[in-house]
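Asks: Input: one structure, supplied below.
The values are calculated or read from the model by the stated rules, or taken from the named source; none is laboratory data. Just so it is clear, the structure is predicted and the values come from calculations on it, not from any experiment. A quick note on method: Cβ atoms are made from the backbone with ideal geometry, for glycine too, and the neighbour counts reach across all protein chains shown. The accessibility values were calculated without ligands, DNA or RNA, using every heavy atom of the protein model including side chains. Shrake-Rupley method; radii C 1.70, N 1.55, O 1.52, S 1.80 Å.
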Amino acid sequence: VDTDIESYASRFRQRFDIHDPFVLYAGRRDTTKNVHTLITNFERYKQTHPGPLKLVLIGPAELPVASVTSDIVDLGFVSPQEKYDAYAAAEVFCQPSLNESFSYVIMEAWLCGTPCLVHQGCDVTRDHVVSSGGGLYFDSAADFDAALDRLLNDIDLSKQMADVGRRYVLDNFSWQTIVRRFKEEVFTQA
């Protein structure tokens, strides 16, 4: 993972005129990424939690957002720097996919200082969140509501989760760490 990411929340907010708090999703929007579940859960959450919170979607769209409202902002493709700035501006990054082999976007979100919310049904992302302490996971809509409430309302906890997530990435997935592990495993076996 490239750990030399710079991100600026204020630049994202100014560039896209988004000043309300938001949950971010970044990536392909199709059924394999379970984005429809995120949108459904978010819409349900907003019905019981009115307020300024938005859902910001970035990335290519194969799955149309059927009910774009003023609470769902679809930015489509953005530049890599705009994506990093979006992570920094978000209160929570949500990765609802059930089929991830690593999830680079979670690592990027942590590097940019944002806690993560993942689906319990994906062993890989759930393991990253549990191993790092960098976020929470959900299964049902009620779980989603409770986890999102916790992340949004306990600012100290959210910051702590983002910090330990960042440390997890730096300790386990930086180029230096991967190269060192590779050398140890390949050359000490000989």
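Asks: For the range 84-190, what is the per residue volume of the convex hull drawn over the alpha-carbon atoms, in cubic angstrom? Provide the component values of the computation, followed by the final result.
Replies: Numbers: hull volume 10.0 nm³, N = 107.
Here the figure is 93 Å³ per residue.
Asks: Mind giving me the nanometre distance, one decimal, between the label points for R180 and R11, set 7 Å out from Cα along Cα→Cβ?
Replies: That separation, rounded to one decimal, is 3.0 nm.
Asks: Oh, and also: Given R₀ = 30 Å, FRET efficiency for D156-H19 by Cβ-Cβ distance, to 0.05? Present the calculation step by step, with values, prior to reporting the outcome.
Replies: Working: r = 23 Å, r/R0 = 0.76.
Efficiency for this residue pair is about 0.85.
Asks: Right, something else. Grab the beta carbon distance between N99 and A141, set R0 = 25 Å, and tell me the FRET efficiency rounded to 0.05. Provide the component values of the computation, followed by the final result.
Replies: Working: r = 20 Å, r/R0 = 0.81.
It comes to 0.80.
Asks: Continuing with the same structure: Quantify how much of the Cα-Cα distance distribution of the chain extends past 23 Å, in percent.
Replies: Values: 7199 of 17955 pairs.
In whole percent, the share of Cα-Cα pairs in the chain beyond 23 Å is 40.
Asks: Moving on. Return the FRET efficiency for the residue pair D123, D2: r is the Cβ-Cβ distance, R0 is 41 Å, and the value is rounded to the nearest 0.05. Write down the numbers at each step before the final one.
Replies: Working: r = 25 Å, r/R0 = 0.61.
In this case the efficiency is close to 0.95.
Asks: Something else: List the equivalent ellipsoid semi-axes of the range 72-143 in whole Å, largest first, each obtained as the square root of 5λ for an eigenvalue λ of the Cα gyration tensor. Walk me through the numbers before you get to the answer.
Replies: On the way: eigenvalues 84, 37, 27 Å².
Ellipsoid half-lengths, sorted descending, are 20, 14, 12 Å.
Asks: Let me know the longest stretch in the chain that avoids all chymotrypsin sites (Phe, Trp or Tyr not before Pro) found in a DSSP loop with at most 16 other C-beta atoms within 10 Å. Let's see the in-between values first.
Replies: Details: sites that count: Y8, F77, F102.
The reported range is 103-190.
Asks: Now for a separate question. Taking the full set of protein chains and a 1.4 angstrom probe, give the accessible area of K183 in square angstrom, rounded to the nearest 10.
Replies: For K183, the solvent-accessible surface is approximately 110 Å².
Asks: For K183, which lysines qualify as cross-link partners when the Cα separation must be under 24 Å and same-chain residues fewer than eight apart are set aside?
Replies: The qualifying lysines are none; the list is empty.
Asks: Right, something else. What's the carbon and sulfur percent of the range 57-178's accessible surface, probe 1.4 angstrom, rounded to a whole number?
Replies: Working: 2810 of 5340 Å².
Roughly 53 percent, rounded to a whole number.
Asks: Something else now. How many nm separate the modelled label positions at F77 and V130, each set 7 Å beyond the Cα in the direction of the Cβ?
Replies: Rounded to a tenth, the inter-label distance reads 3.8 nm.
Asks: Taking 0.36 nm per intervening residue step and subtracting the Cα-Cα distance, what contour gain separates T188 from E43 on full extension?
Replies: Details: separation 145, 0.36 × 145 = 52.20 nm, distance 5.31 nm.
Result: 46.9 nm gained on full extension.
Asks: Taking N as the number of residues in the range 33-110, what is its alpha-carbon radius of gyration divided by 2.2 N^0.38 Å?
Replies: Numbers: Rg = 12.7 Å, N = 78, 2.2 N^0.38 = 11.5 Å.
That works out to 1.10 for the range 33-110.
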